[in-house]
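Asks: Before we start, here is the structure in question, set down as structure tokens.
The values are calculated or read from the model by the stated rules, or taken from the named source; none is laboratory data. The structure displayed is predicted, hence computed values, not measured ones. Neighbour counts are summed over all protein chains in view; Cβ atoms, including those assigned to glycine, are modelled from backbone coordinates with ideal geometry. For accessibility, only protein heavy atoms count, side chains too; no ligands or nucleic acids. Shrake-Rupley method; radii C 1.70, N 1.55, O 1.52, S 1.80 Å.
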Amino acid sequence: MQRYEYDELILALGAEPLEPPIPGIHHPSLFKLRTLQDMDHINSWIDDKNVKHCVVAGAGFVGLEMVEQLVRRNVKVTLVELADQILGPLDPEMAAVLQQELEKNGVEIILKDGIKEFIAKGDEGTVVQLQSGRKLPKAEMTILGLGVRPDTAVAKDAGINVSPRGYIIVDDQLRTSI
């Protein structure tokens with residue numbers, strides 16, 4: 001092991017995709033995007049399964065980037081968002097312009113409705129059951145863009161105190177417990 005001296009240390013640990021406790025969320029046709037390997041896996045699945053329809057869960061930056069790339073590959077996309085607009089950080093007027101552009105390009109957008117369950121249809125897709133009771137037809141794949149949480153496993157392993165939600169606890173000088 002090598003040791004380094006320092007005056008100040010900044011922990012920039014990144015984030016990992018959220019995986020809420022939705023029944024069926026571990027089906028092989030569901031994908032999260034974090035690494036280049038994840039993207040390679042998604043591309044391979046599209047090619048190998050000849051994907052025609054994909055559900056994208058979450059209309060934030062990652063979800064919309066996936067929508068754009070899927071549309072470029074001529075995949076029909078249904079975008080599901082629990083909030084009342086796409087790209088929540090934007091002003092509603094700006095989000096509406098983007099939504100119109102997506103719809104003009106054939107994207108079906110479902111707002112104010114979350115995912116209740118992924119119902120397996122063999123190994124090659126799911127029916128997505130929404131909280132409203134609506135069922136989306138079989139999707140050969142679903143991309144989960146439901147947000148992120150801090151990736152603080154390294155901090156925990158180092159003995160740094162973290163909150164129940166995984167955030168590093170700091171004092172008023174931004175110092176950790178160690």
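Asks: Please determine whether any residue of segment 13-24 is within 26 Å of ASP151 (Cα to Cα), in contact with a Leu (Cβ under 9 Å, 6 or more places away or on another chain), acidic (Asp, Glu) and surrounded by 13 or more Cβ atoms within 10 Å (Cβ to Cβ).
Replies: The answer is yes, given that some residue of segment 13-24 is within 26 Å of ASP151 (Cα to Cα), in contact with a Leu (Cβ under 9 Å, 6 or more places away or on another chain), acidic (Asp, Glu) and surrounded by 13 or more Cβ atoms within 10 Å (Cβ to Cβ).
Asks: Determine if segment 4-12 includes at least one residue that is open to solvent by less than 80 Å² (accessible area, probe 1.4 Å) and out of contact with any helix residue (DSSP H, G or I) (no Cβ under 8 Å at 6 or more places or on another chain).
Replies: Here is the first cut: in segment 4-12, the residues open to solvent by less than 80 Å² (accessible area, probe 1.4 Å) are 11.
Retained after the next criterion (residues that are out of contact with any helix residue (DSSP H, G or I) (no Cβ under 8 Å at 6 or more places or on another chain)): none.
No, segment 4-12 contains no residue that is open to solvent by less than 80 Å² (accessible area, probe 1.4 Å) and out of contact with any helix residue (DSSP H, G or I) (no Cβ under 8 Å at 6 or more places or on another chain).
Asks: Please work out which residue is surrounded by the fewest Cβ atoms within 10 Å (Cβ to Cβ), limiting yourself to segment 123-148 and to residues that are farther than 20 Å from LEU64 by Cβ and either out of contact with any Ser or Thr (no Cβ under 9 Å at 6 or more places or on another chain) or among the small types (Gly, Ala, Ser) (or both).
Replies: GLY133
Asks: If you check GLY58 against the conditions, is it open to solvent by less than 50 Å² (accessible area, probe 1.4 Å), at negative phi and in contact with a Leu (Cβ under 7 Å, 6 or more places away or on another chain)?
Replies: On the way: open to solvent by less than 50 Å² (accessible area, probe 1.4 Å): yes; at negative phi: no; in contact with a Leu (Cβ under 7 Å, 6 or more places away or on another chain): yes.
Taking the combined requirement at face value, the residue does not satisfy it.
Asks: Moving on to the next point. Any chance segment 93-108 includes a residue that's crowded, with 16+ Cβ neighbours inside 10 Å and touching a Pro at 6+ places or on another chain (Cβ under 6 Å)?
Replies: no
Asks: Right, something else. Give the residues of segment 80-106 that are aliphatic (A, V, I, L, M) and in contact with a helix residue (DSSP H, G or I) (Cβ under 6 Å, 6 or more places away or on another chain), sorted by residue number.
Replies: Taking segment 80-106 first, the residues aliphatic (A, V, I, L, M) are 80, 82-83, 86-87, 90, 94-98, 102.
Matches in segment 80-106: ILE86, LEU87.
Asks: Filter segment 21-49 down to the residues that are within 24 Å of GLU68 (Cα to Cα) and touching a residue at least 40 places away in the same chain (Cβ under 8 Å) and list them by number.
Replies: Those that are within 24 Å of GLU68 (Cα to Cα) and touching a residue at least 40 places away in the same chain (Cβ under 8 Å): ILE25, HIS27, PRO28, SER29, LEU30, PHE31, LYS32, LEU33, ILE42, TRP45, ILE46, LYS49.
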